[in-house]
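Below you'll find the structure, written out as structure tokens, and then a few comments.
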Amino acid sequence: MSHVTRTTGTGAAVVRETTVALDAMGGDLAPAATCEAAALVSKETTIRLVLVGNPERIRAELDKHSHEASRITIVPAMEVIEMSDKPKEALLK
């Protein structure tokens, strides 16, 4: 999670934004559960979300739910590290 503080040109107003990155493909019910939660967060908060994973699968899941697209960014990550992979081997993939 990151916080960004910005000031206007006059320095009068400060805007604090929170960005949360999620592995959209991780978990037993992914990406369905992750995308459903992201859609809800995008509508009910001002949090910006970065969903990392397979863009086509993420978009397909997001399209099933009403969401604020301007608060969600998808970052492609096509490689998969399985639970059975050893850490050194995963880094060398």
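Here the 3J(HN,Hα) profile of segment 19-31, calculated from phi with Karplus coefficients 6.51, -1.76 and 1.60 at θ = phi - 60°, is 10, 10, 9, 10, 6, 5, 9, x, x, 5, 10, 7, x Hz, Gly and Pro shown as x. Once the C-beta distance of Met78 and Glu17 is scaled by a Förster radius of 25 Å, the resulting FRET efficiency is 0.35 to the nearest 0.05. As a calculated quantity, the FRET efficiency between Asp63 and Ala37 at R0 = 25 Å, using C-beta atoms, amounts to about 0.95.
Loop-located GluC sites (Glu not before Pro) in segment 20-93 (DSSP state not H, G, I, E or B) with no more than 13 neighbouring Cβ atoms inside 10 Å: Glu79, Glu82. Here the 3J(HN,Hα) profile of segment 48-57, calculated from phi with Karplus coefficients 6.51, -1.76 and 1.60 at θ = phi - 60°, is 8, 10, 10, 9, 10, x, 6, x, 5, 5 Hz, Gly and Pro shown as x. Between segment 68-93 and segment 39-60, how far is it from one alpha carbon centroid to the other, in angstrom? Each part's Cα centre sits 15 Å from the other's.
Bear in mind these aren't lab numbers, they're just calculated from the coordinates by the rules spelled out. What you are looking at is a predicted structure, and each value in this text was computed from that prediction instead of being measured. Heads up, the Cβs are rebuilt from the backbone with ideal geometry, glycines too, and the neighbour counts pull from every protein chain shown.
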